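Written out below as structure tokens is the structure these notes cover.
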Amino acid sequence: MSKKTVLYIVIIVMIILSIPLIAMQFTNTVNWSVFDFLVAGVLLVSLGLIATYLAKTIKNPNIKIVIIIVLIVLFLLIWAELAVGIFNSPFAGS
């Protein structure tokens with residue numbers, strides 16, 4: 001994976017993470033700590049790097065789409081668990 005691709009992923013993640021950062025300036029309903037930004041950043045960068053790697057290495061387009069959709073669903077489940085605790089694990093955010 002090229003440095004340029006990694007740089008694009010990091011820039012996109014920074015743009016995504018700027019949304020809650022800007023929202024925190026205008027409302028009290030968004031209350032993220034530095035740890036929240038760090039965890040979200042690691043999750044988003046990991047998702048981007050893994051999806052990019054899989055997109056480049058898997059040749060069959062049908063398998064590629066299914067695996068990337070599964071990866072995105074897994075990411076969303078982890079995000080939801082950390083945010084509100086849908087599975088009531090020790091990592092639940094509520």
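General observations
- Candidate set from the range 23-36 (those that are exposed (fewer than 10 other Cβ atoms within 10 Å of the Cβ) and of a type in the set (V, I, T)); member that is nearest to L47 (Cα to Cα): V34
- Annotation: I12 fulfils all but one of (1) assigned to a loop (DSSP other than H, G, I, E, B); (2) surrounded by 13 or more Cβ atoms within 10 Å (Cβ to Cβ); the unmet one is (1).
- Checklist (1) at pLDDT below 90; (2) part of a helix (DSSP H, G or I) applied to F91, failing item: (2)
- Residue count for the range 51-71, restricted to those that are assigned to a helix (DSSP H, G or I) and surrounded by 12 or more Cβ atoms within 10 Å (Cβ to Cβ): 11
- The sole residue among V84, V73 that is without any contact (Cβ under 8 Å) to a residue 24 or more places away in the chain, among the β-branched types (V, I, T) and touching a Gly at 6+ places or on another chain (Cβ under 8 Å) is V84.
The values are calculated or read from the model by the stated rules, or taken from the named source; none is laboratory data. Here the structure is a predicted model, which means the values were calculated and not measured. For neighbour counting, all protein chains shown are included, and Cβ atoms are generated from backbone atoms with ideal geometry for every residue, glycine included.
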